[in-house]
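The values are calculated or read from the model by the stated rules, or taken from the named source; none is laboratory data. Since we're looking at a predicted model, the values are computed, not measured. Cβ atoms come from the backbone with ideal geometry, glycine included; neighbour counts cover every protein chain shown.
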Amino acid sequence: MTHRHAFEALDKSLRDILSLHDPKARTLRFGGKTVLLGGDFREILPVIPQGTRADIVSASISHSYLWESCHKFTLQKNMRLTEDEKEFSNYVLRVGDGNPLPTEVNEFDEDEEDQLISIDRTLVEELSSDPHKQILEATYGRTDQWKGTKQDYT
């Protein structure tokens, strides 16, 4: 989520500093030093106060002159994923890649059709008569096994 200008400033600073002892460093990215960056563009973009979508995207490192010299590695397997969560994980990846399931358009949202994402019905839980208890149980398990009264937890 760091603005590309910060990386570009680091590049120029390292070139200046390292070229004092090695003149070749002035022509090398980051003065010839290896810099490791990590992140997921689906999750965290730079924060630009009151910025437009274009401002935010252009602030990303992927729009810097440095990007062409980066080696990109993509993780292929989620090691924390359990077998039960694979379907949800694949759904999140499709949304992140811009390939969600087809949208359902109604008369009220025709202008925003390209911004809608269909939510898989298996991810939606019907509301019960006690929504607070339903949320607690979905998060922490069965609440009837807890000691104390319902007022202690709501």
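Summary of computed values
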read-out	value
Sole residue being of a type in the set (Val, Ile, Thr), within 23 Å of the chain's Cα centre (by Cα), exposed (fewer than 10 other Cβ atoms within 10 Å of the Cβ) and assigned to a loop (DSSP other than H, G, I, E, B), chosen from THR74, THR34, THR2	THR74
Single residue of the stretch 78-89 satisfying the filter (among the polar types (S, T, N, Q) and surrounded by 11 or more Cβ atoms within 10 Å (Cβ to Cβ)) that is modelled with the lowest pLDDT	ASN78
Hey, GLU107 outside any helix (DSSP H, G or I), among the charged types (D, E, K, R) and modelled with pLDDT under 70 or not	yes
Selection from the stretch 1-45 of residues that are touching a residue at least 12 places away in the same chain (Cβ under 8 Å), of a type in the set (A, V, I, L, M, F, W, C) and in contact with a helix residue (DSSP H, G or I) (Cβ under 8 Å, 6 or more places away or on another chain)	PHE7, LEU10, LEU14, ILE17, LEU18, LEU28, PHE30, VAL35, LEU37, PHE41, LEU45
The stretch 75-90 residues that are closer than 20 Å to LEU123 by Cα, paired with ones that are exposed (fewer than 11 other Cβ atoms within 10 Å of the Cβ) (beta carbon under 7 Å, 6 or more apart)	PHE88/LEU123
Condition check for ALA54: within 16 Å of LEU66 (Cα to Cα) and either of a type outside the set (Lys, Arg) or not in a helix (DSSP H, G or I) (or both)	no
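Each row is one residue, and each column tells you yes or no for (1) over 30 Å from ASP40 (Cβ atoms); (2) modelled with pLDDT under 60.
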position	(1), (2)
PRO102	no, yes
GLU113	no, yes
ILE117	no, no
GLU126	yes, no
HIS132	yes, no
GLU137	yes, no
ARG142	yes, no
TRP146	yes, no
ASP152	yes, yes
